[in-house]
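The values are calculated or read from the model by the stated rules, or taken from the named source; none is laboratory data. None of the values given here were measured: they were computed from a predicted structure. When we count neighbours, we look across all protein chains shown, and the Cβ atoms used for this are built from the backbone with ideal geometry, even at glycine.
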Amino acid sequence: MSNRAIYRHTLAVRITHWVNVLCLTVLLMSGLQIFNAHPALYIGKQSNFGHPILSITAEERNARLVGVTNLAGTSFTTTGILGVSTVAGGEATRAFPSWATLPGGQDLATARRWHFLFAWLFIVNGLAYLVYSVTSGHVRQDLLPSRPALRHIGQSLLDHVRLRFPRGEEARRYNVVQQLTYLAVIFVLLPLVVVAGLTMSPALDALFHPLASIFGGRQSARTVHFIGATFIVLFVIVHVAMVILSGVFNNMRSMITGRFRLGTES
């Protein structure tokens, strides 16, 4: 079969995709800055300072700062990664380093403004994508796996592990692993992170009292928000890796112009 190009991604999908990229980048970096203001997570309605399920801090050992991450009661030395950052004049206690946060310096107020602004942009963009996907048939045609595809999910998983990417007519549509992953991220993970984030707003709590009780308290909601964001980061890492390994130029072109080259079947 000839190595021909098809129109794979519509303009609406491409625009909402890149708006999501911008929003998630700003939300992640500003969120890490907010976390730095109180680098610990708890379960329940209140902060139990003596028993966090996760904390990232620093301790002074032998006249120097050592990064320490505590997860469910078990401590790990994480100097050079988490807990300690190099700043002008030496080292400082800082959960996440300045290069990973927005803004780079310690500035909780600015981080909150960035976070809330792009959170609402993310929500509006997500709703626009959902409306388009449902009304245009994008969900039904591109994201919902067929029964025959579900029966071959094992082979699809094996192909992913072996980095065997589809060519020819098979490359026209997402495979079953991609479909299930995108469905889980779009309709479960992202909404969960958004709702957990909204639960931390006192103003929204006052308007919608059941929000906090859904998660068992605002501190639990903060923990769910953080864990959900971590899974989003892991998804993005795998997603970008697959884009690069399966043909970065072809994939980037399809998400910018909509045109995707099928490749020759082996």
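What to note about this one:
- Residues satisfying the stated conditions in segment 29-46, i.e. among the polar types (S, T, N, Q) and either over 21 Å from G197 (Cβ atoms) or surrounded by 15 or more Cβ atoms within 10 Å (Cβ to Cβ) (or both): S30, Q33, N36
- Among the conditions (1) part of a strand (DSSP E or B); (2) more than 25 Å from F235 (Cβ to Cβ), I56 misses just one, which is (2).
- F122 being surrounded by fewer than 17 Cβ atoms within 10 Å (Cβ to Cβ), in contact (Cβ under 8 Å) with a residue 60 or more places away in the chain, more than 30 Å from E59 (Cα to Cα) and in contact with a helix residue (DSSP H, G or I) (Cβ under 9 Å, 6 or more places away or on another chain): no
- Scanning segment 206-241 for residues that are closer than 24 Å to L22 by Cβ and either free of Cβ contacts under 8 Å to residues at least 12 places away in the same chain or not in a helix (DSSP H, G or I) (or both) yields I227, T230, L234, I237, V238, H239, V240, A241.
- Evaluated against (1) more than 16 Å from the chain's Cα centre (by Cα); (2) surrounded by 15 or more Cβ atoms within 10 Å (Cβ to Cβ); (3) closer than 21 Å to S133 by Cβ; (4) at pLDDT 90 or above, L192 falls short on exactly one condition, (1).
- Here is the figure for segment 55-83: residues that are among the polar types (S, T, N, Q) and without any contact (Cβ under 8 Å) to a residue 12 or more places away in the chain total 4.
- Scanning segment 242-256 for residues that are among the polar types (S, T, N, Q) and either without any contact (Cβ under 8 Å) to a residue 60 or more places away in the chain or buried (at least 17 other Cβ atoms within 10 Å of the Cβ) (or both) gives N250, N251, S254.
- Residue selected from segment 88-130 under the condition touching a strand residue (DSSP E or B) at 6+ places or on another chain (Cβ under 8 Å) and not in a loop (DSSP other than H, G, I, E, B), by the criterion farthest from T16 (Cα to Cα): E91
- Filter pass, G105 being surrounded by fewer than 18 Cβ atoms within 10 Å (Cβ to Cβ) and farther than 21 Å from L190 by Cα: yes
- Conditions (1) surrounded by 15 or more Cβ atoms within 10 Å (Cβ to Cβ); (2) under 26 Å from I34 (Cα atoms); (3) over 14 Å from the mean Cα position of the chain (by Cα); (4) small (G, A, S): number failed by S156: (2)
- Filter pass, I53 being more than 24 Å from Q219 (Cβ to Cβ) and not small (G, A, S): no
- When V26 is tested against (1) surrounded by fewer than 17 Cβ atoms within 10 Å (Cβ to Cβ); (2) in contact with a helix residue (DSSP H, G or I) (Cβ under 8 Å, 6 or more places away or on another chain), just one condition goes unmet, and that condition is (1).
- Boolean, G197 is modelled with pLDDT of 90 or more, in contact with a helix residue (DSSP H, G or I) (Cβ under 6 Å, 6 or more places away or on another chain) and in the same structural domain as N20 (by TED's automatic domain parsing): yes
- Residues (farther than 18 Å from S254 by Cβ, part of a helix (DSSP H, G or I) and among the charged types (D, E, K, R)) located in segment 149-199: R151, D159
- Screening the candidates T135, T78 for the property of being more than 30 Å from I186 (Cβ to Cβ) and out of contact with any Asp or Glu (no Cβ under 8 Å at 6 or more places or on another chain) yields one hit, T78.
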